[in-house]
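**Q** Pasting a structure here, questions to come.
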Amino acid sequence: GRPRHHDVSEMKESMKRPETNDEGCGFVMATSYEDTDTLHRVYPDFEATLQSLRTFSGGKNNHVKVGYKVDATKLQSTLPKNVFAAGEAVNKHSDNSRKFHRICWNFPCTAIGNGKDGQNEAMEENKELVRQFMISALPFLDEECGEIHMAHKTKPPYNHWGLETVAMEGVQQYFRKGNVKEWNTGTRKFEFRGKVVFDKCALPPYTPRKALDRKSFP
């Protein structure tokens with residue numbers, strides 16, 4: 001089947017413009033924790049980002065869905081109710097069109113304004129945010145080939161989070177709640193597979209932005 005992606009990163013004007021209009025592309029769900037008024041106020045070029053999404057795959061709306069006020073720790077209740085209508089339209093022959101192949105969150109952090117996100121005093125809160133995100137995301141992940149991707153800075157205090165350890169703690173909590181059957185596919189299991197460098201230079205014009213602040217960071 002065609003790939004289905006859910007990006008829960010903050011949907012800012014820095015989002016990479018999709019480069020393809022290939023008929024064989026999959027389905028992308030892009031979401032933001034903020035509402036449209038906030039995004040337009042904080043990120044002046046936000047409308048250009050939306051236009052880029054609208055032109056994805058030749059402007060066919062069933063390849064991209066945008067969601068606002070989506071809580072990454074409460075995806076079941078905050079994702080748009082018709083989110084899978086577009087995915088099912090793209091993946092007509094899929095038996096698993098209500099799951100995502102990739103769920104991505106770049107630079108997760110609690111919603112603190114003025115560019116103060118992710119500091120030491122909020123470390124435990126941010127670690128719990130990652131755990132709850134994993135618990136929230138796993139029911140939406142394809143059991144056969146699904147992956148969850150997170151990117152973060154590697155300097156202090158972010159490298160003290162133990163991101164992969166905290167994420168797997170969330171996975172363990174999810175299974176302890178009795179959800180093992182959903183992943184009982186024989187050889188398939190959820191595990192940490194490793195790290196790669198996230199190079200924004202390979203994704204022009206992508207620029208990371210601070211939470212509720214249009215300033216960027218390296």
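Where a number appears in this text, it was derived from the coordinates with a stated rule and is not lab data. Owing to the predicted nature of the structure, the values given are computational and were not obtained by experimental measurement. Here the Cβ is made from the backbone with ideal geometry for all residues, glycine too, and neighbour counts use every protein chain on show.
**Q** If amide hydrogens are placed 1.01 Å from N in the peptide plane, which non-local residues have theirs closer than 5 Å to the one on C104?
**A** H6, D7, V8, H149
**Q** Sticking with the crude label model, points 7 Å out along Cα→Cβ, report the distance from Y68 to A122 in nm, one decimal please.
**A** Each label point lies 7 Å from its Cα, and together they span 2.2 nm.
**Q** Further question: Name the residues whose placed amide hydrogens come within less than 5 Å of the amide hydrogen of K65, ignoring near sequence neighbours (fewer than 5 apart) on the same chain.
**A** V28, M29, A30
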